[in-house]
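Please see the structure below; I have some questions.
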Amino acid sequence: MKLSLCTPALYRVKRGQTVCEIARAFSLPPALLSSHNRLTEEVREGQLLSLPPREGHLYTVCGGESKTLLCGSEEGFGRKNGTARLYVGQTVIL
């Protein structure tokens, strides 16, 4: 028997929550959650967010790493993480 975790497809924002807090709760990079929902500002209470499917492992970027090293290509990095930016300390999906 294989056991797997189920992630909901939608999430309603609670009072005081931020994109970063919600992303952390669902093991997602904040940039991916923002781009998936086309957010241009911080979320507000009651807002309904679509949670993107997460395929890969969460990783914190260290110095000297590149998009190609982390995801095989710059395009692959952008597709998986919803951003073209890469910086030390960033949480990304590999």
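Given the conditions (1) loosely packed, with under 14 Cβ neighbours inside 10 Å; (2) closer than 21 Å to Gly89 by Cβ, which single one is not true for Pro53?
With (1) loosely packed, with under 14 Cβ neighbours inside 10 Å; (2) closer than 21 Å to Gly89 by Cβ applied to Pro53, the lone miss is (2).
Sticking with this one: From the list Thr40, Thr60, exactly one residue is within 13 Å of Thr91 (Cβ to Cβ) and surrounded by fewer than 11 Cβ atoms within 10 Å (Cβ to Cβ). Which is it?
Thr60
Report the residue count in region 25-47 for those that are in contact (Cβ under 8 Å) with a residue 12 or more places away in the chain and among the charged types (D, E, K, R).
Pass one, region 25-47, residues in contact (Cβ under 8 Å) with a residue 12 or more places away in the chain: 26-37, 39, 42-47.
Keeping just the survivors that are among the charged types (D, E, K, R) gives 42, 44-45.
Qualifying residue count, region 25-47: 3.
How many residues are surrounded by fewer than 18 Cβ atoms within 10 Å (Cβ to Cβ) and closer than 23 Å to Asn37 by Cβ if we restrict to region 63-73?
Of all residues in region 63-73, those surrounded by fewer than 18 Cβ atoms within 10 Å (Cβ to Cβ) come to 63-66, 68-69, 72-73.
Narrowing the set further to residues that are closer than 23 Å to Asn37 by Cβ leaves none.
Of the residues in region 63-73, 0 are surrounded by fewer than 18 Cβ atoms within 10 Å (Cβ to Cβ) and closer than 23 Å to Asn37 by Cβ.
Scan region 12-29 for residues that are buried (at least 18 other Cβ atoms within 10 Å of the Cβ), within 17 Å of Glu45 (Cα to Cα) and either of a type in the set (Asp, Glu) or under 8 Å from the mean Cα position of the chain (by Cα) (or both) and jot them down.
Result: Ala23, single match.
Further question on the same structure: What's the number of the only condition in (1) under 25 Å from Leu10 (Cα atoms); (2) in contact (Cβ under 8 Å) with a residue 12 or more places away in the chain; (3) out of contact with any Cys (no Cβ under 8 Å at 6 or more places or on another chain) that Lys67 fails to meet?
Exception for Lys67: condition (1).
Oh, and also: Looking only at region 40-66, count every residue that is in contact with a helix residue (DSSP H, G or I) (Cβ under 7 Å, 6 or more places away or on another chain) and more than 20 Å from Ser27 (Cβ to Cβ) and tell me the total.
1
Bear in mind that the values in this text are calculations on the coordinates, not laboratory data. Please read all numbers here as calculations on a predicted model, not as lab measurements. Glycine also receives a Cβ, built like all others from the backbone with ideal geometry; neighbour counts cover every protein chain displayed.
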